[in-house]
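Peer 1: Structure provided below as structure tokens; questions to follow.
We did not get these values from a lab; they are worked out from the coordinates using the rules stated. Values in this document were obtained by computation on a predicted structure and should not be read as measured data. Note that we place each Cβ from the backbone using ideal geometry, even for glycine, and neighbour counts take in every protein chain shown.
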Amino acid sequence: DSGVTQTPKHLITATGQRVTLRCSPRSGDLSVYWYQQSLDQGLQFLIQYYNGEERAKGNILERFSAQQFPDLHSELNLSSLELGDSALYFCASSVDAGGGTEAFFGQGTRLTVV
Amino acid sequence: GNSVTQMEGPVTLSEEAFLTINCTYTATGYPSLFWYVQYPGEGLQLLLKATKADDKGSNKGFEATYRKETTSFHLEKGSVQVSDSAVYFCALPMNQAGTALIFGKGTTLSVSS
């Protein structure tokens, strides 16, 4: 158990809909990262928050947004969903802003868009 | 920004065979380098890391040496087991500012008895 909790584990929704994925980082970790894993693209970095502020941005679509709350949990919002958004979404956390420190991953949320 | 390239699998081996998974990178400076492993149905977990040139990271019989001359961080294990079957990812920070990790495409290893 990594200590990172993601909910829900599975999500099935229709095209055009909006969903929210939730992540609770390990106790004491200030950074939260979101990744998308798909068969064709591999593991893609989406966005990082550090202590409530956006820290780094990767290949995140404009239809996607995230935030980190004062209690350090984070939510990833995906809107106007398309079939191609079907993927495994991982949240990870680390104690500091990243770079040389280990990131701990949750078990992921599997999103299926039908 | 930085980038990472790793050999794509799948790699299929018999138990007790020698394993090498190649990883090369391009980076500004000398960032920390990582290998993560993903077992079926689970999230990624850190396998080993190296923080400076010539460092050797090791864990569970796996080893990788940080080679700045060849910008490589190849993963090796002398004798694989069925339980090593998983997907292996090479990773490094996305830039010199030391932020999120970026990952290679992953190498699937299947070990048969």
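Peer 1: When each pair of different Cα atoms in the range B:1-56 is counted once in the 1/r mean, what is the Kirkwood radius in angstroms, to one decimal?
Peer 2: Kirkwood hydrodynamic radius for the range B:1-56: 13.6 Å.
Peer 1: List the residues, sorted by chain then number, that are 5 or more residues from B:GLY9 or on another chain and whose placed amide H is less than 5 Å from its amide H.
Peer 2: B:THR108
Peer 1: With charges set only on the Cβ (+1 for Lys and Arg, -1 for Asp and Glu), what does the dipole of chain B come to about its Cα centre, in debye to the nearest 20?
Peer 2: Approximately 320 debye in magnitude.
Peer 1: A further question follows. In whole Å and largest first, what semi-axes does the C-alpha gyration tensor of the range B:21-110 yield when each eigenvalue is scaled by 5 and square-rooted?
Peer 2: 22, 15, 10
Peer 1: Where the only charges are on Cβ atoms (+1 Lys, Arg; -1 Asp, Glu), what is the dipole of the range A:1-67 about its Cα centre, to the nearest 20 debye?
Peer 2: About 160 debye.
Peer 1: Please state, to two decimals, what the Cα-based radius of gyration of the protein assembly as shown comes to when divided by 2.2 N^0.38 Å (N = residues).
Peer 2: Here the Cα radius of gyration is 1.01 times the empirical estimate.
Peer 1: Largest first and in whole Å, give the semi-axes of the range A:51-92's equivalent ellipsoid, each being the square root of 5 times a Cα gyration tensor eigenvalue.
Peer 2: Each semi-axis is the square root of five times an eigenvalue, giving 21, 11, 10 Å.
Peer 1: So what's the gap between the Cα centers of the range B:56-113 and the range A:52-82, to the nearest angstrom?
Peer 2: Centre-to-centre (Cα) distance: 28 Å.
Peer 1: State, to one decimal in nm², a quarter of the convex hull surface area for the C-alpha atoms of chain A, i.e. the direction-averaged projected area.
Peer 2: Across all orientations, chain A yields a mean hull projection of 6.5 nm².
Peer 1: Now, a different point. Quick one: what are the phi-derived ³J(HN,Hα) couplings along the range B:16-29, Karplus 6.51/-1.76/1.60 with θ = phi - 60°, whole Hz, x for glycine and proline?
Peer 2: 6, 6, 8, 10, 9, 10, 7, 9, 10, 9, 10, 7, 8, x
Peer 1: Still on this model: Near B:LYS68, which lysines are there with a Cα under 20 Å away, not counting those fewer than 8 places off in the same chain?
Peer 2: B:LYS49, B:LYS52, B:LYS56
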